[in-house]
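Trainee: Below are the structure tokens for one structure; questions will follow.
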Amino acid sequence: MTATSTVIAPPSRAAGAAHAATLARERRRKWTYRAVFWAALLLAWEVAARRAGPRFLPTLESIAVDGMSGFFTNGFVVPFLDSWLQLFIGFAIALAVTIPLGVLLGWSRLPNVVLMPYVNGLFVTPTAALLPLVILFAGTDLTFRVVVVILFAFYYPLVNTATGVRQTAGGLRDLSSTLCMSKLAAFRKVVVPAATPYILVGVRLGLAAAVQGMVIAELWVLTGTGEVLKNLAQFRRLSEFFAIVILIVALALLLTGLLRLIEIRLARRGMVSAGES
Amino acid sequence: MARIVSLAALLGAWQYLSGRDNIYFVPPVQDAASSLWNEVVNGNLLRPALQTGALALTGFLLALVIGTVVGVLIAVFRPVSYVLEPIMSASNATPIAVLIPIIGIYLGLGFSGKVAIVFLFCVFAVSMNTTSGIREIKSGILEMTRAYCVTGWRRYRDVIVPAAMPALMAGVRISAGRAVQGALTAELLLAVSGLGLYLMNAGNRYDVPDLVAGTVFVSAAAFLALHLAGRWEGHVLRWRTDLKN
């Protein structure tokens, strides 16, 4: 938060101080609004929960205390970790296939012409509709969950990598051949750095889709966290249900947030090095 | 030409796999094709498709109206953006499917519960695209608006809304795809109905040709939905000469 005031170069010291003061005032205003509105939202939830009862809406206190302690004591930790392990296996396979394939699609025309209709066709198809078909050849175990995660996650890393490589492939490739770089050197020193921001965005979007895929796969065959969620909802153990939902969402946001941080870091470094050269 | 060759290769590989004894989940191409034809002609696919379509369309239109309003409010009023924008972007990255087990408690397993899923699949994309569309209007355009003394309602109707339209329509196109996604997800995971029911039945019967036919049909229907959204986008943006090449 403090970084914003240092990035903008002040025209003079006095004007800079005034500018910083304005920014600080605006920031205080922003957080005041947020504190008031978000507190009101939580209060509304609490009031509604107390009126509706624990079988309809759990209170904040019961989510934070009963729900979270239930998560650790009732044996939900193992399925939770298990789910994320499956997710990472599927996502790692998806990235290992899609990023090289994306490079190929962005680099040369023929694979692009041949493969893109299928890629887009698979993207257009509602992934949930593939579940009954996937279950026939992947069973209901690890393979099923991994395949579903891959189906959900593959599109953005693939297409973004292809776009990133294609964007640099034109102009910068001409330039690097003018500078007598070998094809491999051009790829390593020009195409990869230029395409990295695109790839990172693709990975981030893919990860969000992968989490969705994990949940849907587990709700479909009833294993892991999906089974836990379904059972908790069925027996109206809502404080534990919401505690787990909060943990899943928090972890998903944390991971996508980390990727976003890397994107910003790289973008900033890119600007600095461009300014230096 | 390359596409024709690759399609032929794909169909060939499919046919080869279907001939193998140990692979029961790949039906011969002609079985799947004739199943698709029969099920479309006798209405077994079209009737549930109407049900699924109604579900997707209802959730989509609701998301369109509410998402646009919220998106405009966020873009225009700074306090609204302070309090709602973090919620919007966090929700957009949230796997909506985690809510499926409890939606029944609040909205039942009927039409409204399923519409809620479709709505949640779409609304954040609409809202965020609307917001960024309005924010990215070039300051020169707004300056000119001021110079010509266009104010109040007319400023929105004649300048801001048309200028934000491209981003808004991109949100519409994305949401059309997500609406079909959400509808199928709801019909398979919340309460089985429509095309979800069709696929589930075919899967439970191990009727693989019907299952493949149903999946291809769903894919085609989703493609049609996206195509229609794209046509609508083109129609709305037809005044943008810079988009035509």
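The values are calculated or read from the model by the stated rules, or taken from the named source; none is laboratory data. Just so it is clear, the model here is predicted, and its values are computed rather than measured. A quick note on method: Cβ atoms are made from the backbone with ideal geometry, for glycine too, and the neighbour counts reach across all protein chains shown. Accessible surface is based on the protein model in full, side chains and every heavy atom, while ligands, DNA and RNA are left aside. Shrake-Rupley method; radii C 1.70, N 1.55, O 1.52, S 1.80 Å.
Trainee: Got a sec? What order do B:TYR82, B:TYR206, A:TYR198 fall in by accessible area at 1.4 Å, biggest, i.e. largest, first?
Mentor: So, going from the largest accessible area down, we get B:TYR206, A:TYR198, B:TYR82.
Trainee: Here's another thing I want to ask about it. For chain B, calculate the relative contact order in percent as a whole number, restricting contacts to Cα pairs under 8 Å that are 6 or more residues apart.
Mentor: Rounded, it is 26 percent for chain B.
Trainee: Report the local net charge at B:GLY59: Lys and Arg +1, Asp and Glu -1, summed over other residues whose C-beta lies under 11 Å from its C-beta.
Mentor: That works out to +2.
Trainee: Counting Lys +1, Arg +1, Asp -1, Glu -1, what net charge surrounds A:ALA233 among other residues with beta carbon under 12 Å of its beta carbon?
Mentor: It works out to a net charge of +2.
Trainee: Using a probe radius of 1.4 Å on heavy atoms only, what accessible surface per residue do you get for the stretch A:69-276? Whole Å² is fine.
Mentor: 47
Trainee: Here's a follow-up. Have a look at B:ALA191, B:LEU237, A:TYR198 and report the one farthest towards the positive end of the charge dipole of the protein assembly as shown, computed about the Cα centre with Cβ charges (Lys/Arg +1, Asp/Glu -1).
Mentor: Result: B:LEU237, furthest along the dipole toward the positive end.
Trainee: Starting from the Cα of A:VAL65, step 7 Å along the direction of its Cβ; do the same at B:TRP239; then give the gap between the two resulting points in nm.
Mentor: 6.0
Trainee: May I ask for the accessible area buried between chains A and B, both sides summed, probe 1.4 Å, to the nearest 100 Å²?
Mentor: 4100
Trainee: Please report the net charge: other residues with Cβ closer than 13 Å to the Cβ of A:LEU258, K and R +1, D and E -1.
Mentor: That works out to +2.
Trainee: Sticking with this structure for a sec: Rounded to the nearest 10 Å², what accessible area does B:HIS227 have for a 1.4 Å probe in the complete protein model?
Mentor: 90
Trainee: Classify chain B as rounded, prolate or oblate from the Cα gyration tensor: take a ≥ b ≥ c as the square roots of its eigenvalues, call it rounded if a/c is under 1.5, otherwise prolate when a/b beats b/c and oblate if not.
Mentor: The shape class here is prolate.
Trainee: Based on the Cβ-Cβ distance from A:ARG25 to B:ARG135, what FRET efficiency comes out when R0 is 25 Å, to the nearest 0.05?
Mentor: 0.70
Trainee: Then there is this: In the protein assembly as shown, carbon and sulfur make up what percent of the accessible area (probe 1.4 Å)?
Mentor: Carbon plus sulfur share of accessible area: 68 percent.
Trainee: List the lysines whose alpha-carbon lies under 26 Å from that of A:LYS230, not counting same-chain residues fewer than 8 positions away?
Mentor: The reachable lysines, counting only those whose Cα sits under 26 Å from A:LYS230, are B:LYS114.
Trainee: Putting +1 on Lys and Arg Cβ atoms and -1 on Asp and Glu Cβ atoms, find which of A:GLY16, A:LEU42, A:GLY224 reaches farthest to the positive end of the dipole of chain A.
Mentor: Selected residue: A:GLY16.
Trainee: Given the protein chains as shown and a 1.4 Å probe, how many square angstrom of B:GLU85 are accessible, to the nearest 10?
Mentor: Surface open to solvent at B:GLU85 totals about 70 Å².
Trainee: In square angstrom, rounded to the nearest 10, how much accessible surface does A:THR22 have for a 1.4 Å probe?
Mentor: Taking all protein chains as shown, A:THR22 has close to 70 Å².
Trainee: Give me the aspartates and glutamates in straight-line cross-link reach of A:LYS189: C-alpha distance below 14 Å, same-chain residues under 8 apart excluded.
Mentor: Straight-line reach from A:LYS189, under 14 Å: A:ASP174.
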